[in-house]
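Heads up, the thing below is written out as structure tokens.
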Amino acid sequence: MLFPVRSARLAFYALAILSFTCPYSYSQPPDQKQVFAREDAYVAEEMVMHHFRGAVLVGIDGKIVFEKAYGPADEEWDVPNTPKTKFRIASLTKQFSAACILILQERGLLHVQDVASKYLPNLPAAWKGVTIHQLLTHTAGIPNADHSGQQSVKMGDRIAATPEEMIAGVASKPLDFTPGTKWSYSNNGYILLGMLIEKVSGQSYADFLKSDILRPARHEGLRL
């Protein structure tokens, strides 16, 4: 089920509100119970009115001071969300893919103006002229899979599919448009970028992300 964009931003708004009402250092701390009660009431109302589904966590001075989950994790089976529910992060992955590509460019291992087929030689002939930059900016014309009916199940909505299997599902299709002439959101374009990251780095996507983004960020003091 797709929910309004409003719902996807609620947790961020809640944390933003709390960051102002509960600063990390203050001489006269506000009544945290009242602050969190207001936050809880706000998110609970959004759950009812706008179908918010998710979890909210607030930390102060490195300690968790509020965490609560809202709505069902699975409506079909009436399973509620909990603070430990694992969510599919979906397109949040794209920003990390883009960062990985730029890291590889900084190291001289690729350039965003290179054609992707330079690193993925088995791409369909019609895709040979697509550049990495076009994949990054959704201007490559790479078609998306048809996610209707049983094909949706086969293509990974409920059963895991490899990147190669996902691309194979559209490899015989023509490009949606001449690369660089239009914009169209393409999940498969970013699947190709993930495959390219693995090919150029010699690591799995997860390992490269962990070693070159998450661990350095943790070292700098970010809690990831």
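The values are calculated or read from the model by the stated rules, or taken from the named source; none is laboratory data. What you see is a predicted model, and the numbers here were worked out from it, not measured in a lab. When we count neighbours, we look across all protein chains shown, and the Cβ atoms used for this are built from the backbone with ideal geometry, even at glycine. Surface accessibility is based on the protein's heavy atoms, side chains included, excluding ligands, DNA and RNA. Shrake-Rupley method; radii C 1.70, N 1.55, O 1.52, S 1.80 Å.
Among His138, His51, the order of accessible area from largest down is His51, His138, computed with a 1.4 Å probe on protein heavy atoms. On the beta carbon distance between Lys63 and Arg107, with R0 = 45 Å, the FRET formula returns roughly 0.75.
Ranked from highest to lowest mean number of other Cβ atoms within 10 Å per residue, what is the order of the peptides 41-47, 212-218?
Values: 41-47: 15.7, 212-218: 13.6.
Highest to lowest by the protection proxy: 41-47, 212-218.
In this model, which of Lys33/Lys68; Lys86/Lys199; Lys94/Lys128 are farther than 25 Å apart at the alpha-carbon? As for pairs spanning more than 25 Å Cα to Cα, those are Lys86/Lys199.
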